[in-house]
Amino acid sequence: MNAHAETFGINTRGKGTYEITELAQRVVRASGIRTGTATVFVQHTSCSLVIFENADPSARTDLHAYFDRLVPEDAPYFVHTHEGPDDMPSHLRMVLTRTSEVIPVVNGELALGTWQGLFLFEHRRAPHERKIVVSVLGV
């Protein structure tokens with residue numbers, strides 16, 4: 001059994017989804033591991049990771065609109081608003097999604113489906129630099 005881990009950064013331009021499939025795939029390739037699993041983890045509490053449709057951008061537009069309705073900003077019952085009206089909603093959106101994804105590695109590649117992509121889901125309005133750790137285990 002072998003293990004390999006790397007961290008990379010991604011700069012966001014504010015709320016939205018940013019495809020990171022190829023960045024994670026580069027770590028898998030660099031690991032030399034042919035069969036195993038890749039765990040991808042984002043080190044923040046106001047963004048998340050999702051595996052989502054990557055062929056038609058309108059699917060992501062609908063995802064963004066849904067989350068804006070599900071967890072609205074400026075809700076009068078939020079107490080944690082020190083960093084602005086998107087502060088608490090960003091944390092709740094993170095909790096409703098995930099901070100990590102585990103993806104099989106087959107033949108040295110992430111075994112994602114035809115229309116699947118790995119995305120950083122930024123929940124804050126302001127640009128941020130996000131850190132993502134990829135850990136690959138296998139043979």
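Sequence gap at least 6, Cα distance under 8 Å: using those rules, report the relative contact order of the chain to the nearest whole percent. Show your work: numbers first, answer last.
Working: 289 pairs, mean separation 75.7, N = 139.
The normalised contact order for the chain reaches 54 percent.
Quick one: order Glu122, Glu73, Glu83 by neighbouring beta-carbon count within 10 Å, fewest to most.
In order of increasing Cβ crowding within 10 Å: Glu83, Glu73, Glu122.
Please sort 40-49, 105-114 by packing, taking for each peptide the average over its residues of neighbouring beta carbons within 10 angstrom, highest first. List each step's numbers first, then the result.
Working: 40-49: 19.6, 105-114: 13.9.
Listed from highest to lowest mean packing, they are 40-49, 105-114.
Helix-only estimate, please: 222 nm mean residue ellipticity of the chain, summing -39500 (n - 2.57) across DSSP H runs of length 4 or more and dividing by its residues, to the nearest 500.
Details: 3 runs with 35 residues, N = 139.
Roughly -8000 deg cm²/dmol at 222 nm, from the helical runs in the chain.
Tally Lys and Arg at +1 and Asp and Glu at -1 over the other residues with C-beta under 13 Å from the C-beta of Gly84: what net charge comes out?
Net local charge, Gly84 excluded: -2.
Between Val95 and Ala111, what is 0.36 nm times their sequence separation minus the Cα-Cα distance? Round to one decimal in nm. Write down the numbers at each step before the final one.
On the way: separation 16, 0.36 × 16 = 5.76 nm, distance 2.53 nm.
Going from the current span to full extension adds 3.2 nm.
Once you charge only the Cβ atoms, +1 for Lys and Arg and -1 for Asp and Glu, what is the size of the charge dipole of segment 2-138 about its Cα centre, to the nearest 20 debye?
320 debye
Which chymotrypsin sites (Phe, Trp or Tyr not before Pro) does segment 64-139 hold that lie in a coil by DSSP with at most 15 other beta carbons within 10 Å?
Hits after loop and neighbour filter: Tyr77, Trp115.
Quick check on the exposure proxy: order Ser100, Ser31 from fewest to most C-beta atoms within 10 angstrom.
Ser100, Ser31
Quick check: net charge around Asn54, other residues with Cβ under 9 Å of its Cβ, Lys/Arg +1 and Asp/Glu -1?
Details: positive: Arg60; negative: Glu19, Glu53, Asp56.
Around Asn54, the surrounding residues sum to -2.
Tell me, Val79, Val28, Val139, Val133 in order of fewest to most beta-carbon neighbours within 10 Å?
Listed from fewest to most nearby Cβ atoms, that is Val79, Val139, Val133, Val28.
If Lys and Arg each add +1 and Asp and Glu each add -1, what is the summed charge of the other residues whose beta carbon sits under 13 Å from the beta carbon of Arg125?
-3
Values quoted throughout were computed directly from the atomic coordinates according to the rules given, and no laboratory measurement underlies them. Just so it is clear, the structure is predicted and the values come from calculations on it, not from any experiment. A quick note on method: Cβ atoms are made from the backbone with ideal geometry, for glycine too, and the neighbour counts reach across all protein chains shown.
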